[in-house]
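A quick write-up on the structure given underneath.
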Amino acid sequence: MSAPISFRRLRALCRKEVWQILRDPSSNLIAFVLPVVMLFIFGYGINLDSSAVNLGLVLEDKSPEARHFADNLYGSPYLNVIAGQTRAEMEQALTEGRVRGFVVVPVDFTEKLLRPNDTAPLLVVADGSEPNTASFVQNYVSGAWSGWMQQRAAERGETPPAGISIEPRFWFNPSAESRNYLIPGSITIIMTVIGALLTSLVVAREWERGTMEALLASPVTRTELLLSKLLPYYALGIISLFLCVGVAVFIMHVPFRGSLLALWGIGSLFLTSSLGVGLLMSTLLRNQFNAAQAALNVAFLPAMMLSGFLFEIRSMPAVVQAITYLMPARYFVTAMQTLFQAGNVWPILLSSGGYLALASIFFIGLTALKTRRRLE
Amino acid sequence: MISRIFTLVIKELQALLRDRQSRALLIMPVFLQLALFPFAATLEVKNNTLAVFNEDNGRESAELMQRFSRAQAFTKLLTLHSEAEVRHAIDNQQALIVIRFPQDFSRNVVAGRPAKIQAILDGRRSNSGQIALGYVQQIINTYNDERIDSRQENAASTLVVRYWFNPNLDYVWFILPSLVAIIITLTALIVTALSVAREREQGTFDQLLVSPLTPGMIMVGKTIPAMLVAMMQGTIILLGAVFVYRIPFEGSLLLLYGSMIFYILALAGFGLLISSICATQQQAFLGVFSFLVPAILLSGYASPIDNMPVWLQYLDWINPLRHFIVIVKGLFLKDIGLVALLPNLYPLLVIAVGTLGASNWMFRKRLG
């Protein structure tokens, strides 16, 4: 079935495709300007490390003990304390999202604190509609609280019994900055946009305009046709991949510890699989509008939700985890995070590369099968 | 005039729902996303692997290991025997966190001296790592407290923590309201931007412009079908959230659908503006994308808006999704009223007027 490739024909087809890309200013914009702009937006916009959280504080008890505790809250670099007069006021602020939590020191706080067999409760309310921030609020307040308890014990001359402490060490990323792993992940999203979305339209466009029938009537073989759609977009994609990595390393200062050759290899495999997804949608649906929608749903949204770029795959239920194994983006995210932060960890790179190669063969093979040489 | 617009709306709906393929593409993904994404989108740490490198043979470290293995966050406990194995486990992501007990750990604990354990975390997943570390810390705190309690009277003060609006910090409660907003965004933008671009590519747009329809009427004709389809999809997610996922809807439906209309107008404004600049569907689609991706990622859904630099927070003001997610979440979980809604509702109105006005001007310019 697959006739030998005629390089003359292939070159001519590629030239036509390249002209089409170059002629359209939007594709240049998409390939070179947009990735960099997006990377900047992601780099600064997506951040899971809470900077100072707005925290309300109601001192119903204004004794020195209560103030001492409050000083610890004010002293925390993670909290931006906003004083309020009443609980009702803070409840309102929490509902409107002006504070992410508030602390109430109840009227009888000192009284209970000084009574020997009593425990003085402090009330912490956090906004559960932002779960990640809510748990950070709890952590920061309890940090300030235990600092206060220790100071208090020290001032009263009690030596706190020695306990067990943890010394955390984040390998590859000592200051635990989420940016360092979110930016490599963002590059995956950008590559998905470029790979799948750009190609999702190209075959459908030929069908819509009727030029596909002209092509099929010519001596062009199926392989040549597919290659002519793949190669120019591959070139576009790989250039913008290196552009993104360059911006991430030199401008955004994310460390890159792997080898460029491995990056090129893995990047090529991922691009091929995403181009394959785009071409497949385009070939199956033959309608630009529908192909665009399909690419959005099978490439972009899964890349965002199921790739582990933002959400931890291991926390998902088993069925959903099984589905993530089908997503090429998943392997590229792991490989990119590893290349950027840990360096050349071959077992990870090779297994990701292997899966991506399989995915590429699968999608492009399916596209080849569905590219019918006969007219209906 | 009304009947002209009505005819246009019918024609647009027919173009959208013409064949089975198009209908399936408008409905199927919504159900798929409803079934999949709420489970996927979580920043919680569950089912993870904790590895232990125990150089200590005492009872105390064994006791702590027992407790770690009972924690919900870790379903697998991996035992390591050397430094090299620790490196291997972290490098290859076999474990999110490795706990290392030094040789003198149990001796120090028994003697009442400060005892240290090391936690080694995978920096490639530092957010999950920090959360997992929080769990480990809690287990150790409880253990510390129990040891102190057996010698001392009760603590002088405690923290009582309450999570409002979502008492169990359930991620699904956070995701589904946001998903309502995201689905509407996708559809409303694509339908408005691509339907004009398709007419342009096929040359029928000029025919529309020379018809008795004014550009304003054409815009209304393009917006209403997008609104109907997007609202239907939003309603599917809403029903799924309430009846399948059992998330309480606290607020007013009237306010929800009212603000949804403003929101879709703002989106239609962007969609029409994009299509007024683009000549082909490909350009329109890429234009939609350049707007859509940042809009979703900077909406407060992927990470809190408070964490963004101030200049970006200001820039993000023109992102209608950012305002609408606050509205949907507020209505879903917080039962906010109209007054509390206004700070997020008026930007939608401003954006809608601005973008619709601009695209009307662009279409008129083309005509004139």
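Quick notes on this one:
- Residue check for A:LEU284: assigned to a helix (DSSP H, G or I) and away from chain B (no Cβ under 14 Å): no
- Residues satisfying the stated conditions in segment B:64-90, i.e. part of a helix (DSSP H, G or I) and under 24 Å from A:MET316 (Cα atoms): B:ARG67, B:PHE68, B:SER69, B:ARG70, B:ALA89, B:ILE90
- Subset of segment A:345-369 [within 10 Å of chain B (Cβ to nearest Cβ) and either in a loop (DSSP other than H, G, I, E, B) or within 23 Å of B:ALA41 (Cβ to Cβ) (or both)]: A:VAL345
- Here A:LEU73, A:LEU39, A:LEU10 are screened, and the one residue that is buried (at least 17 other Cβ atoms within 10 Å of the Cβ), in contact with a Ser or Thr (Cβ under 7 Å, 6 or more places away or on another chain), more than 25 Å from B:GLY330 (Cβ to Cβ) and within 13 Å of chain B (Cβ to nearest Cβ) is A:LEU39.
- For B:ALA95, the test of being in a loop (DSSP other than H, G, I, E, B), among the small types (Gly, Ala, Ser) and closer than 21 Å to A:GLU312 by Cα is passed.
- Within the set A:ILE183, A:ILE164, the sole residue that is within 40 Å of the chain's Cα centre (by Cα), in the same structural domain as A:ALA291 (by TED's automatic domain parsing) and among the hydrophobic types (A, V, I, L, M, F, W, C) turns out to be A:ILE183.
- Residue in segment B:40-58 that is nearest to the chain's Cα centre (by Cα), counting only those that are at the interface with another protein chain (Cβ under 7 Å from one of its Cβ atoms) and in contact (Cβ under 8 Å) with a residue 60 or more places away in the chain: B:ALA41
- Test: A:THR324 is at negative phi, of a type in the set (Ser, Thr, Tyr), at pLDDT below 85 and surrounded by fewer than 24 Cβ atoms within 10 Å (Cβ to Cβ): no
- Helices (runs of 4 or more DSSP H) lying entirely in segment B:181-287 (those with 1 or more residues that are at pLDDT 90 or above): B:215-239, B:253-277
- Exactly one residue out of A:VAL53, A:VAL81 is among the aliphatic types (A, V, I, L, M), modelled with pLDDT under 90 and in contact with a Phe, Trp or Tyr (Cβ under 7 Å, 6 or more places away or on another chain), and it is A:VAL53.
- Count of segment A:42-70 residues which are facing chain B (nearest Cβ under 9 Å), of a type in the set (Gly, Ala, Ser) and surrounded by fewer than 19 Cβ atoms within 10 Å (Cβ to Cβ): 2
- Here B:VAL98 meets the list (1) surrounded by fewer than 23 Cβ atoms within 10 Å (Cβ to Cβ); (2) more than 7 Å from chain A (Cβ to nearest Cβ); (3) at pLDDT 90 or above; (4) under 34 Å from the mean Cα position of the chain (by Cα) almost entirely, failing just condition (1).
- Yes/no for B:ILE318 being among the β-branched types (Val, Ile, Thr), closer than 14 Å to B:SER195 by Cα and more than 9 Å from chain A (Cβ to nearest Cβ): no
- Checklist (1) closer than 27 Å to B:SER303 by Cα; (2) more than 14 Å from every other protein chain (Cβ to nearest Cβ); (3) among the charged types (D, E, K, R) applied to A:GLU224, failing item: (1)
- Residue count for segment B:52-68, restricted to those that are of a type outside the set (D, E, K, R) and within 14 Å of B:TYR143 (Cα to Cα): 6
- Segment A:247-265 residues that are within 13 Å of A:TYR44 (Cα to Cα), paired with ones that are of a type outside the set (A, V, I, L, M) and not in a helix (DSSP H, G or I) (beta carbon under 8 Å, 6 or more apart): A:ALA248/A:PHE256
- First in segment B:232-245 and in the same structural domain as B:ILE182 (by TED's automatic domain parsing), second anywhere and of a type in the set (Phe, Trp, Tyr) and surrounded by fewer than 20 Cβ atoms within 10 Å (Cβ to Cβ), Cβ under 8 Å, 6 or more apart: B:ILE236/B:PHE31; B:LEU238/B:PHE249; B:ALA241/B:PHE249; B:VAL242/B:PHE249
- Residue in segment B:28-39 that is more than 30 Å from B:VAL172 (Cβ to Cβ), touching a residue at least 40 places away in the same chain (Cβ under 8 Å) and away from chain A (no Cβ under 11 Å) present: no
- Condition check for B:LEU292: at the interface with another protein chain (Cβ under 10 Å from one of its Cβ atoms), closer than 22 Å to B:VAL229 by Cα and under 21 Å from the mean Cα position of the chain (by Cα): yes
- Residue within segment A:319-327 that is more than 8 Å from chain B (Cβ to nearest Cβ), within 14 Å of the chain's Cα centre (by Cα) and part of a helix (DSSP H, G or I) present: no
- Residues satisfying the stated conditions in segment B:317-347, i.e. closer than 15 Å to B:PHE165 by Cβ and touching an Asp or Glu at 6+ places or on another chain (Cβ under 8 Å): B:LEU331, B:PHE332, B:LEU333, B:LYS334, B:ASP335, B:ILE336, B:ALA340
- Looking across segment B:144-180, the residues that are more than 7 Å from chain A (Cβ to nearest Cβ), assigned to a helix (DSSP H, G or I) and at pLDDT below 85 come down to B:ASP145, B:GLU146, B:ARG147, B:ASP149.
- Single match in A:SER307, A:SER228 (criterion: outside the structural domain of A:ASN132 (by TED's automatic domain parsing), outside any helix (DSSP H, G or I) and in contact (Cβ under 8 Å) with a residue 40 or more places away in the chain): A:SER307
- Checking the stated criteria, A:VAL247 turns out to be in a helix (DSSP H, G or I) and either basic (Lys, Arg) or under 31 Å from the mean Cα position of the chain (by Cα) (or both).
- Filter result for A:PRO121 (at the interface with chain B (Cβ under 10 Å from one of its Cβ atoms) and either among the small types (Gly, Ala, Ser) or without any contact (Cβ under 8 Å) to a residue 12 or more places away in the chain (or both)): no
- Considering residues of segment A:109-133 that are hydrophobic (A, V, I, L, M, F, W, C) and not in a helix (DSSP H, G or I) only, the residue nearest to the chain's Cα centre (by Cα): A:ALA126
- Filter pass, B:TRP361 being surrounded by fewer than 19 Cβ atoms within 10 Å (Cβ to Cβ), in a helix (DSSP H, G or I) and modelled with pLDDT of 90 or more: yes
- Selected residue (criterion: farthest from the other protein chains (Cβ to nearest Cβ)) from residues of segment A:143-202 that are polar (S, T, N, Q) and within 23 Å of B:PRO304 (Cβ to Cβ): A:THR188
- Answer residue from segment A:125-142, given it is more than 12 Å from B:VAL160 (Cβ to Cβ) and in contact (Cβ under 8 Å) with a residue 60 or more places away in the chain and is farthest from the other protein chains (Cβ to nearest Cβ) among those: A:TYR140
The values are calculated or read from the model by the stated rules, or taken from the named source; none is laboratory data. Quantities reported herein were computed from a predicted structural model and do not represent experimental measurements. Counting neighbours? That spans all protein chains shown, and the Cβs are built from the backbone with ideal geometry, glycine included.
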